[in-house]
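The values are calculated or read from the model by the stated rules, or taken from the named source; none is laboratory data. What you see is a predicted model; the values in this text were computed from it and never measured. So basically every Cβ, Gly included, is an ideal-geometry build from the backbone, and we count neighbours across all protein chains shown. Heavy atoms of the whole protein, side chains included, go into the accessibility calculation; ligands, DNA and RNA do not. Shrake-Rupley method; radii C 1.70, N 1.55, O 1.52, S 1.80 Å.
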Amino acid sequence: MHNDMSTETKVQILARLRRRYATAGLVHKTQLLDQAVELLGYHRKAAIRALGAPPSPPWAPALLLGRPKTYQPATLLPILKPIWFTAFQPCGSRLHALLPEWLPAYETDHRRLDADVRRTLLAASARTLDRLVAPLRVALARRGGTRPGNLLRQSIPIRGEWTEAGPGWLELDTVALCGGALDDRHLWMLDAVDLRTAWVELRALENRGQHCTLTQIRDLEASLPFALRGVDSDNGGEFINHHLVAYLGQRKRPVLFTRSRPYKKNDNAHVEQRNWTHVRQHFGYARYDNPAVARLINDLCKGPLGQLLNHFLPTHQLQAKRRVGQRVTRVYGPAQTPYARLLTAAEVRPAKQTALRQDHARLNPFQLAREVERQQVAIAAQRQLAP
């Protein structure tokens, strides 16, 4: 049938054609069949059957057509459930392949099976097994969690270009310390960079849950030497959730919360660059799955590594782009450390600038580098221990 017509309309048209078809002559019946084929998209034989069939009264009982059910879920699902979960929820084809070996083990470990039930399970196709375990898959579906809802995501504006001067405008992102196996049983790194001063804060996350992420964002904000004015993130559920929206918005001076366009990594170019220079170059691509390592990493990031990055490693910042023909020339300002930029920022309070100068006077980059190396060795040793 044609899909540009509602089912109710099709039923009404068919009913009118059927009434006229019952009393029409041969020529008129041919015309009615042509109309049914054109309007309803029927094959001509199907149109003959549809117009010639008497309409069933509304009180007529529905007929159960098709083959009777051979596989009863009430009988088979209690047996399949422990097998399916123990085998790590395989698909139907894998479940079909493992049943001949797993059913004897089930009988040894659980209970004896009736011969007919065992025969039915072994005869079931992969597609039938998929249908039988479908309710189990629905029960395992993630509800809520860290996945952002459409309405919440649409309520957070997409960032344009932040033209406001001064520090306090952060880009946020997370980096998986998974070793190539992304299974959510590993640590994550929360990476934050200030757009105006390039001040960087890093935190280790035991998971990307809303509570864990918000806890580290609170700690991150408390460590900033300036007031937080705006946050921009990607569309991940660790950021797009009601907890972070409430934390940033429900305060005397709300923090502007924006997001990047989906699948546009260049929207977060500043933090994406730091994902390599500040995360991968110091923590590599190894797998960190011991939760005890998170505390050690955070001590390193809030201590010698953060001090080395922010106080002693200057960066360039783009000031302008100039296009001449097809060539784009980028103009960068003088290389400065984030610490030096903060000392000239009018938005940073004098008391905070004085405290930064005092901290800076006590620091030595060589001592910091040696401390970073020492703590990285301790982190690597702890990482290799079983969680």
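For segment 149-166, the condition of being in contact with an Asp or Glu (Cβ under 9 Å, 6 or more places away or on another chain), surrounded by 15 or more Cβ atoms within 10 Å (Cβ to Cβ), modelled with pLDDT of 80 or more and not aliphatic (A, V, I, L, M) holds for at least one residue. Of all residues in segment 323-348, which are at pLDDT 90 or above, open to solvent by 100 Å² or more (accessible area, probe 1.4 Å) and not in a strand (DSSP E or B)? Scanning segment 323-348 gives a single hit, T344. In summary, helices (runs of 4 or more DSSP H) completely within segment 227-304 and bearing 3 or more residues that are open to solvent by less than 50 Å² (accessible area, probe 1.4 Å) and without any contact (Cβ under 8 Å) to a residue 40 or more places away in the chain occur at 242-249.
Put simply, of T344, T277 the only residue that is of a type in the set (S, T, N, Q) and closer than 24 Å to A176 by Cα is T277. Give segment 358-387 a look and list any residue that's open to solvent by 90 Å² or more (accessible area, probe 1.4 Å), over 25 Å from P225 (Cβ atoms) and polar (S, T, N, Q), or say none. Q384 - this is the single residue of segment 358-387 that is open to solvent by 90 Å² or more (accessible area, probe 1.4 Å), over 25 Å from P225 (Cβ atoms) and polar (S, T, N, Q).
I need the full set of residues from segment 176-191 which are of a type in the set (A, V, I, L, M, F, W, C) and open to solvent by less than 10 Å² (accessible area, probe 1.4 Å), in order please. Of everything in segment 176-191, those that are of a type in the set (A, V, I, L, M, F, W, C) and open to solvent by less than 10 Å² (accessible area, probe 1.4 Å) turn out to be L177, L187, M189, L190.
Check segment 196-216 and report whether any residue there is over 23 Å from the mean Cα position of the chain (by Cα) and without any contact (Cβ under 8 Å) to a residue 12 or more places away in the chain. So far as segment 196-216 goes, no, none of its residues is over 23 Å from the mean Cα position of the chain (by Cα) and without any contact (Cβ under 8 Å) to a residue 12 or more places away in the chain. Each residue in segment 83-118 was checked for being aromatic (F, W, Y), free of Cβ contacts under 8 Å to residues at least 24 places away in the same chain and surrounded by 13 or more Cβ atoms within 10 Å (Cβ to Cβ), and 1 of them qualify.
Scanning segment 38-52 for residues that are loosely packed, with under 15 Cβ neighbours inside 10 Å, assigned to a helix (DSSP H, G or I) and either within 50 Å of the chain's Cα centre (by Cα) or of a type outside the set (G, A, S) (or both) returns E38, R44, K45, A46, R49.
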